[in-house]
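Accompanying notes for the structure given below.
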Amino acid sequence: MSIKDHLQDDMKAAMRAKDKQRLGAIRLILAAVKQREIDERIVLSDLQTLVVLEKMIKQRRESLAQYQSAGRDDLAAQEAFEIDLIQSYQPEPLGEAEIEAVIAAAMATSGAQSVRDMGKVMAIIKDQAQGRADLAMVSARVKARFGG
């Protein structure tokens with residue numbers, strides 16, 4: 001079952017259960033996915049949907065920090081709820097050993113020798129780790145391996 005199908009099923013279940021908070025959050029996710037599909041005139045794959053979910057999580061984390069610093073606990077609680085809900089649609093995160101294995105395999109596959117080859121390595125890693133690891137953190141690890 002694709003992520004979009006899973007979202008549709010969960011939206012119907014939230015409607016039946018009259019869970020307004022969950023229903024609203026799922027509708028926000030579906031709206032973001034649909035907006036990207038319309039903007040790019042494509043049907044998003046699960047990998048592309050994960051990119052949308054990651055972007056939404058990043059936005060909500062920033063909002064959460066701002067709400068907490070402003071003392072708006074009600075809005076912070078809503079953002080935290082949405083973060084948890086969006087994360088539930090992502091695949092199981094990679095462990096430390098798995099991340100290191102993916103980096104090593106990508107470096108070997110691409111034949112990377114220096115920081116200039118980092119784009120090739122990250123392109124390979126992105127396909128395998130999208131939605132399962134923080135790509136900024138993975139990028140920093142790759143850079144460290146090159147001595148940069």
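Looking at region 25-42, is at least one residue over 25 Å from residue 9 (Cβ atoms), touching a helix residue (DSSP H, G or I) at 6+ places or on another chain (Cβ under 8 Å) and surrounded by 13 or more Cβ atoms within 10 Å (Cβ to Cβ)?
no
Residue check: is residue 89 within 27 Å of residue 34 (Cα to Cα) and aromatic (Phe, Trp, Tyr)? Walk me through how you get there before you give the answer.
Details: within 27 Å of residue 34 (Cα to Cα): yes; aromatic (Phe, Trp, Tyr): yes.
Considered against the rule, which asks whether it is within 27 Å of residue 34 (Cα to Cα) and aromatic (Phe, Trp, Tyr), residue 89 comes out as yes.
Yes or no: region 74-86 includes at least one residue that is in the same structural domain as residue 20 (by TED's automatic domain parsing) and farther than 30 Å from residue 8 by Cα.
No.
What is the residue count in region 80-115 for residues that are charged (D, E, K, R), out of contact with any helix residue (DSSP H, G or I) (no Cβ under 9 Å at 6 or more places or on another chain) and under 30 Å from residue 22 (Cα atoms)?
So the answer is 2.
List pairs: first in region 53-74 and free of Cβ contacts under 8 Å to residues at least 24 places away in the same chain, second of a type in the set (Phe, Trp, Tyr), Cβ under 8 Å, 6+ apart or cross-chain?
73/67
Taking the condition of being polar (S, T, N, Q), closer than 18 Å to residue 26 by Cα and modelled with pLDDT of 95 or more, how many residues in region 64-87 meet it? Full working, then the answer.
From region 64-87, those polar (S, T, N, Q) are 66, 68-69, 78, 87; that's our starting set.
Applying the additional criterion that residues be closer than 18 Å to residue 26 by Cα yields 78, 87.
Still in the list and also modelled with pLDDT of 95 or more: 78.
Matching residues across region 64-87 total 1.
Please find, among 107, 118, 122, 137, the residue that is exposed (fewer than 14 other Cβ atoms within 10 Å of the Cβ), modelled with pLDDT of 85 or more and assigned to a helix (DSSP H, G or I).
Of 107, 118, 122, 137, the one residue that is exposed (fewer than 14 other Cβ atoms within 10 Å of the Cβ), modelled with pLDDT of 85 or more and assigned to a helix (DSSP H, G or I) is 137.
Please go through region 1-29 and pick out each residue that is in contact (Cβ under 8 Å) with a residue 40 or more places away in the chain and not in a helix (DSSP H, G or I). Before the answer, list the steps.
To start, the set of residues in region 1-29 that are in contact (Cβ under 8 Å) with a residue 40 or more places away in the chain comprises 2-4, 6-7, 21-22, 25-26, 28-29.
Within region 1-29, 2 is the sole residue that qualifies.
One line per residue, one yes/no per condition, for (1) touching a Leu at 6+ places or on another chain (Cβ under 8 Å); (2) among the β-branched types (Val, Ile, Thr):
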site: 81; (1), (2): no, no
site: 117; (1), (2): no, no
site: 130; (1), (2): yes, no
site: 142; (1), (2): no, yes
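So if I check each of 98, 82, which one is charged (D, E, K, R), without any contact (Cβ under 8 Å) to a residue 40 or more places away in the chain and part of a helix (DSSP H, G or I)?
98
The values are calculated or read from the model by the stated rules, or taken from the named source; none is laboratory data. Keep in mind the model is a prediction, meaning the values are calculated, not measured. Note that we place each Cβ from the backbone using ideal geometry, even for glycine, and neighbour counts take in every protein chain shown.
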